[in-house]
Amino acid sequence: MKKIIVTIDGPAGAGKSTTARRVAERLGYIYIDTGAMYRAVTLAALRQGTAMTDHELGELATATEIQMEPGFNGQTVVMNGEDVTKAIRQADVTSNVSQVSTFPSVRRALVLRQRAMGFNGGVVMDGRDIGSVVFPNAQVKVFLVADPEERIRRRLAEALDRGDEIDAEQVRNQIMGRDKLDSERADSPLVKPDGATEIDTTRLTIDDQVEQILAMVHSYQKTYDLVSKYGNF
Ligand code: DC
C-alpha cells in the first residue's frame, strides 16, 4: 500500500491528537504531534529566560533538539536529551506557547523539521498549519472542529485528570485566548486548508472520527493502486 501523508488541523480541544494517534496506529504510521514541538521550544525559552523576540526565539528553536518517540501511553517528547513529555503540558507552557508560535523564525525552524519527518510518507501529523503550509499537497487533509463549549469541557476534563488546579472559567479564557492568537497571527494562521475535509466532532465519538478518516485514506489508496496498475482512466 502506498504510504501517504495525513494532515489533521484544528483548534485546541477539537480532538486532533487522540484521533491522529488512533489513525496512525490503525495504519501502522508514525504520529507526529507538532504542537509538542512548539511546546518544547516554549519550555526551553521559559527555562532559559529567552527574550520574546523573533531573532532570539528563532536561534533557540534551531538549537533545540526535539525527538518524538512513540511510547506506551502516547508519544514521548525528548528535548536536548531530557524527557519533557509532562513538562510541556504545564500551565506556564500552555499559556505562553501561542505567543511563541507567532514568531516566523520559530515557525521556519520547526516547519523545516516537520517536512523532513514526513518526507517518506507513512505519517499522520497534527497541528494548526500542516495542511496549509507544511504539506499543502498531502494526500488526505482533515480539518477538525467542535463547538467551543464542548472543547472547553474536553480540555477541563484532561486538565483535571492530570491533577491541574484549574476551573472551567480559566480553561475557557485559555482556549479563547489561544484560538484568537492562533487564528489571527500573520504567519501561518489556523485556517481550514484548501482541499481539507471538515469534520465537526461535537457529537461524534472518537471511533466515528477515526473511521471517517480511514475511509478517506483507503479510498485514496484504492484509486492510487488502480492508477499504478492500469494507468489513468
Ligand atoms: O496542539 P497544542 O495545543 O499542543 O498546540 C500548542 C500551540 O502550538 C498552539 O496553541 C499553537 C501552536 N502550534 C502552531 O502554531 N502550529 C502547529 N502546527 C501546532 C501548534
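Accessible area of the chain with a 1.4 Å probe: how many percent of it is carbon plus sulfur?
Carbon plus sulfur share of accessible area: 51 percent.
Expressed as a whole number of Å, what is the distance separating the alpha-carbon centroids of region 5-84 and region 161-233?
Measuring centre to centre over Cα atoms gives 16 Å.
Sort LYS222, LYS192 from largest to smallest accessible area, using a 1.4 Å probe on the heavy atoms of the protein chains.
LYS222, LYS192
Per residue, how much accessible area does the chain show when a 1.4 Å probe rolls over the protein heavy atoms, in square angstrom?
That works out to 51 Å² per residue.
Have a look at GLN209, ASN173, PRO193 and report the one farthest towards the positive end of the charge dipole of region 168-221, computed about the Cα centre with Cβ charges (Lys/Arg +1, Asp/Glu -1).
Checking the options against the dipole of region 168-221, the answer is ASN173.
Rg/Rh for region 74-217: what does it come to with C-alpha atoms and Rh from Kirkwood?
0.95
By DSSP, what percent of the beta bridges with both residues in the chain are antiparallel, rounded to the nearest 5?
30
Note down the magnitude of the dipole of region 131-233 about its Cα centre, charges +1 on Lys and Arg C-beta and -1 on Asp and Glu C-beta and zero elsewhere, to the nearest 20 debye.
440
Against the longest principal axis of the chain, how steep is helix 148-162, in degrees 0 to 90 to the nearest 10, with axes from Cα atoms?
Roughly 70 degrees between the two axes.
So how much slack lies between LYS229 and ARG162, counting 0.36 nm per residue of separation and subtracting their Cα-Cα distance, in nm?
So the extension gain works out to 19.1 nm.
Which value, in Å² rounded to 10, gives the accessible area of SER183 with a 1.4 Å probe and all protein chains present?
Roughly 50 Å² of SER183 is accessible to a 1.4 Å probe.
How much mean residue ellipticity at 222 nm does the chain get from its helices, if each DSSP H run of length 4 or more adds -39500 (n - 2.57) and you divide by all residues, to the nearest 500 deg cm²/dmol?
Rounded to the nearest 500, the figure is -16500 deg cm²/dmol.
Using the structure shown, list the pairs from LYS86/LYS192; LYS86/LYS222; LYS141/LYS180 with a Cα-Cα distance above 31 Å, or answer none.
Violating the 31 Å limit, Cα to Cα: LYS86/LYS222.
The values are calculated or read from the model by the stated rules, or taken from the named source; none is laboratory data. All of these numbers come straight from a predicted model, not from anything done at the bench. Positions of Cβ are backbone-derived with ideal geometry, glycine not excepted, and every protein chain shown enters the neighbour counts. Ligands, DNA and RNA are stripped out before the accessible areas are found, and what is left, the full protein with its side chains, is counted by its heavy atoms. Shrake-Rupley method; radii C 1.70, N 1.55, O 1.52, S 1.80 Å.
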